[in-house]
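In what follows, a single structure is set out as structure tokens and then discussed.
Laboratory data are not the source of any read-out in this text; all were calculated from the coordinates shown. Given the structure is predicted, the values throughout are model-derived calculations rather than measurements. Quick reminder, even Gly has a Cβ in these numbers, built from the backbone with ideal geometry, and neighbours come from all protein chains shown.
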Amino acid sequence: MGVREFPALDVASLESLLATLNSPDEQRVAAALDVLQDQGKESVVPALLLYHPSSTVVIRTLEIFQSGRREDAMPLAEHLLEHRDARVRVAALRMMSVLRPERSLLERASDDPDPSIAAAARVALLACGWVDVEPTCRSLMSAVGRGDESVERAMAAAVRSHPHGAVEPVLLELLSADDTETLQEAITAAARLRSPGLLTPLMQLLPRRAVREEARSALAAFGPVGLARMMEALRDPEVPISVRRHLPGAVALVGSPQAPSLLLDHLPDEPDGSIRFKILRALGRWRNEQPDLPLDRRLLGDALEQALSTGYRLMEWRRTLERMTERSPGRRSELHVVLVALLRNKEDHSLERIFRLLNLQSGSEEFQRIYLGLHSPRPATRVGSRELLHHLVLPPMRHHLLVLVDDLQGEAPRPAALERPRGRAGDLAVFEDLLGSGMESVSALAALHAAELGLRSLANAIDACQPRSEEHARTLATARAALGAEVT
Amino acid sequence: MRELSPSVVPLLHLRTLAFLRELPAYQLTALAREAEELVVPRGTVLRSEREPAQNVYVILEGTAEARRGESVRRLGPGDEEGLLDVLAGEAAGTRVRAETDSVVLCVDGEALRTQSERYAALLLQLLGEVARRLEKRPSALLAALAGPSEPRPLGPELDRVGRLLALHRVPIFPSENMDALAELAGPRSELEIPAGEALWGPGSPARACYVLCRGAVRIMGETGEEIGVLRQGSVPGLTQVLRGGAYGPLRAEADLPVVALSLEREVFLDVVEDDFELGWSLLAGLASHVLSADLGLTEGG
């Protein structure tokens with residue numbers, strides 16, 4: 001059973017859910033309705049629920065009847081066109097316009113004094129081809145961004161209910177709305193309409209947390225066309241990082257068998273570490289759901305070697321810094337503590353990536369369990385996990401991986417293979433590496449730490465360091481000035 | 001204890017819990033699979049005071065009693081017990097006993113962590129829930145947000161390193177998650193607030209929290225009564241950012257001229273989402289403060 005499926009609904013559960021519909025608590029009723037709809041049991045929802053005192057319940061029920069095409073509820077829905085709550089009237093009109101569209105009713109509603117009802121009716125008229133497209137679209141589009149959320153929401157829900165090409169210009173306008181609920185409806189509408197022109201606006205919504213989940217699902221709903229455009233955007237350095245960062249998660253939702261390979265192919269070329277991590281996470285989810293998922297073993301092996309090498313490098317830098325303060329405890333400043341902690345955390349992240357890659361290689365979650373075991377507060381679990389790792393990973397990787405694991409657990413002597421020249425020369429070499437590491441925080445911390453330690457022979461290395469931002473350049477200049485002052 | 005056959009009933013019950021309601025259906029389903037409905041006779045001890053909390057219980061029918069030292073809490077239908085203990089990783093000490101024949105939903109604490117790691121939305125919902133509970137306990141809130149007891153002055157420039165040091169000194173931020181703190185220190189976000197000026201309007205949406213680098217902020221209740229003063233290394237606005245919605249009802253005003261880092265909500269939650277350990281440690285820290293308040297261990301603000 002996949003993670004997105006619900007357990008089978010037995011008779012006792014069904015009875016329990018139907019009994020919950022009688023609850024005076026609207027949240028319990030809404031929860032039961034959600035479960036029934038998720039189970040595809042719209043047909044058992046009693047039409048009399050439309051008489052419920054809660055508008056929330058009535059609107060939710062109308063939605064369910066609309067998606068379940070419950071024409072038997074039409075007479076009761078008609079009765080709701082006179083409801084005191086405009087949101088209920090809009091929902092009733094929407095359901096009727098989908099199940100049994102009636103031109104005269106919609107035309108009357110399009111002149112309703114309530115602008116949300118009028119807007120919903122105009123969208124339905126537009127989708128049914130009963131009004132001129134251009135002026136109607138223009139009038140609807142002009143209502144977006146005027147600050148009336150109820151109109152925008154009614155319009156977006158109507159567009160979602162009538163995903164027709166004629167409403168696309170209105171939908172494009174709605175996809176730029178500020179209101180979250182409007183956007184959620186508009187994104188669902190885009191997923192139903194699936195016009196290629198909607199792909200870019202949908203990708204631009206990925207940085208917005210409140211609608212990201214919906215935007216990802218909508219992009220995935222475009223299938224191969226969406227997949228191709230998302231991969232194009234992922235490879236394009238001109239696309240903002242705030243968008244690119246969320247593309248692997250959206251690609252992961254595409255059902256295409258090509259999607260995992262496309263993401264894996266991109267992995268070695270991806271310059272951003274957080275995106276590489278998200279690619280691994282996406283691949284891991286696929287792997288969990290399909291253990292026999294074919295993945296290029298050579299690419300996985302390369303990525304594994306790269307992650308191991310990064311972890312080793314970070315470990316070497318950190319241990320050199322630690323050794324420095326073991327020799328001279330007075331050098332243990334706050335900058336030193338922060339730099340060491342940062343390198344250690346990055347090293348731990350490298351180890352996590354290694355385990356994710358091992359999971360992908362093995363096709364099981366075994367390495368995930370070992371990784372968790374290695375981080376257990378119980379010493380016996382950590383020891384057992386290490387033994388398992390020793391058993392499962394073959395040489396030569398076994399040795400390197402265990403060195404890294406032991407280092408992070410602080411339970412083994414430093415391996416001779418990692419020795420840098422002892423003393424000042426080794427320290428300076430590590431500082432040079434840190435300055436040119438390409439990681440802005442690491443480089444900036446190293447520069448200021450070198451300055452506070454008065455490591456004047458690093459002045460040239462600081463001069464040679466390529467700043468990654470204006471602020472980085474200023475920090476390097478500050479460090480350089482401090483060292484320069486000491487020279488004079 | 002008798003275990004009922006698996007059904008969608010756990011799913012229904014979880015969906016009625018306010019802090020889980022907004023989870024996508026498939027995530028709630030994954031969590032519901034880790035839950036079981038238990039029918040327990042009167043007098044059943046669900047957890048003894050010698051056991052650390054390993055499960056979260058939701059009372060569906062009947063009543064139960066949670067006793068910790070002198071503190072006794074009566075639980076009825078819809079009440080939850082054990083969430084904070086599980087999140088805080090607290091040691092043993094609470095005894096939970098059914099007072100009547102009861103039906104209880106039992107969620108495995110380890111599964112809660114696993115599912116939170118798998119689905120960031122669950123982690124964020126839990127953070128929001130604990131933040132809401134903390135806000136109902138003002139002195140604990142102040143203790144959770146407070147800076148170090150012996151603050152050290154920051155350098156004159158809040159460049160990337162200065163910002164990273166400022167974040168590193170915030171007690172509620174786990175210092176071992178330095179990579180995530182470095183990510184938060186990335187964007188330039190320094191702001192100055194003159195004495196007497198409000199940090200936020202109570203009705204305005206909580207778009208950022210503030211790491212105080214210099215100065216002091218007075219925290220006041222709805223009616224203007226002083227709850228306490230936050231100084232360097234504290235994070236006013238953190239709970240509001242975690243739970244979402246508007247800043248109110250708590251008010252915050254610069255008591256002395258303030259220099260602060262503004263951590264935008266969208267960026268902050270993205271970082272938490274990408275670094276599970278940061279989020280889980282933050283959750284544990286906040287939950288501990290709520291528990292301390294409930295046990296009367298929190299000193300006044």
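Here are some notes:
- Convex hull volume of the Cα atoms of region B:128-170, normalised per residue: 86 Å³.
- Descending semi-axes in Å of region A:134-191, equivalent ellipsoid built from Cα gyration tensor: 15, 14, 8
- Subtracting the Cα-Cα distance of A:Ser139 and A:Ala12 from 0.36 nm times their residue separation leaves 40.6 nm of extension gain.
- Sorted by Cβ density within 10 Å, fewest first, the residues A:His79, A:His449: A:His79, A:His449
- Two-decimal Rg/Rh across region B:180-301, once Rg and the Kirkwood Rh are taken from alpha-carbon atoms: 0.96
- Region B:98-194: proportion of alpha-carbon pairs further apart than 19 angstrom, %: 64 percent
- Cubic angstrom per residue, convex hull over Cα atoms of region B:1-76: 112 Å³
- GluC sites (Glu not before Pro) within region B:223-301: DSSP coil, no more than 11 neighbouring Cβ in 10 Å: B:Glu225, B:Glu299
- Potential extension, A:Ala477-A:Ser256 segment - 0.36 nm per residue separation minus Cα distance: 74.5 nm
- Think of it as helices only: each DSSP H run of n ≥ 4 in chain A is worth -39500 (n - 2.57), and spread over all residues that comes to -21500 deg cm²/dmol at 222 nm.
- Gyration tensor verdict on region A:76-202 (Cα atoms; rounded if a/c is under 1.5, prolate if a/b is larger than b/c, oblate otherwise): prolate
- For region A:131-283, dividing the convex hull volume of the Cα atoms by the residue count gives 102 Å³ per residue.
- The fraction of Cα-Cα pairs per 10 angstrom bin, counted from 0 for region B:1-139, comes to 12, 43, 37, 9, 0 percent, rounded to whole percents.
- Dividing the mean sequence gap of close Cα pairs (under 8 Å, 6+ apart) by how many residues chain A holds gives a relative contact order of 6 percent.
- Descending semi-axes in whole angstrom, ellipsoid equivalent of region A:322-391, from the Cα gyration tensor: 32, 15, 9
- Listed by chain and number, the lysines whose C-alpha is less than 17 Å from the C-alpha of A:Lys346, apart from same-chain residues fewer than 8 away, are A:Lys278.
- Dimensions in Å of region A:37-104 - Rg and Dmax from alpha carbons: 11.0, 36
- Over region A:225-314: Kirkwood hydrodynamic radius from C-alpha pairwise inverse distances, Å: 13.5 Å
- Two-site label geometry, A:Arg327 and B:Glu176: point separation in nm, points 7 Å out along Cα→Cβ: 2.9 nm
- FRET efficiency for A:Thr200 and A:Thr180, using Cβ-Cβ distance with R0 set to 22 Å, rounded to 0.05: 0.60
- For chain B: rounded, prolate or oblate by the Cα gyration tensor [a/c cutoff 1.5]: prolate
- Taken as Cα centroids, region A:52-105 and region B:104-170 sit 44 Å apart, rounded to the nearest whole angstrom.
- In terms of surrounding Cβ atoms within a 10 Å radius of their Cβ, B:Tyr26, B:Tyr247 rank from fewest to most as B:Tyr26, B:Tyr247.
- Alpha-carbon gyration tensor eigenvalues x 5, square-rooted, for the protein assembly as shown, Å: 47, 32, 29
- FRET efficiency, A:Arg398 to A:Asp148 (Cβ-Cβ, R0 56 Å, nearest 0.05): 0.30
- This ranking places A:Ile370, A:Ile241, A:Ile275 by how few other beta-carbon atoms lie within 10 Å of each, fewest first, which gives A:Ile241, A:Ile275, A:Ile370.
- Rg in Å to one decimal, and Dmax rounded to a whole Å, for region A:158-207 via C-alpha atoms: 9.5, 28
- Under the span-like rule (Cα at least 24 Å along the axis, Kyte-Doolittle mean at least -1.0), DSSP H helices of chain A: A:273-289, A:297-327, A:334-362, A:470-487
- Trypsin sites (Lys or Arg not before Pro) within region A:106-213, DSSP loop, no more than 14 other Cβ atoms inside 10 Å: A:Arg146
- Alpha carbon Rg of region B:186-228, scaled by the compact-globule rule 2.2 N^0.38 Å: 1.30
- Helices in chain B that qualify as membrane-span-like (whole DSSP H runs, Cα extent of at least 24 Å along the helix axis, mean Kyte-Doolittle hydropathy of 0.5 or higher) are B:276-294.
- Cα centroid separation - region B:191-208 against region A:171-201, whole Å: 33 Å
- With the biggest extent put first, the Cα atoms of region A:56-139 measure 35, 24, 18 Å across the principal axes.
- Calculated FRET efficiency, A:Glu78 to A:Asp292, Cβ-Cβ distance, R0 = 56 Å: about 0.60 to the nearest 0.05.
- Relative contact order (%) - region A:340-395, alpha-carbon pairs under 8 angstrom, separation at least six: 21 percent
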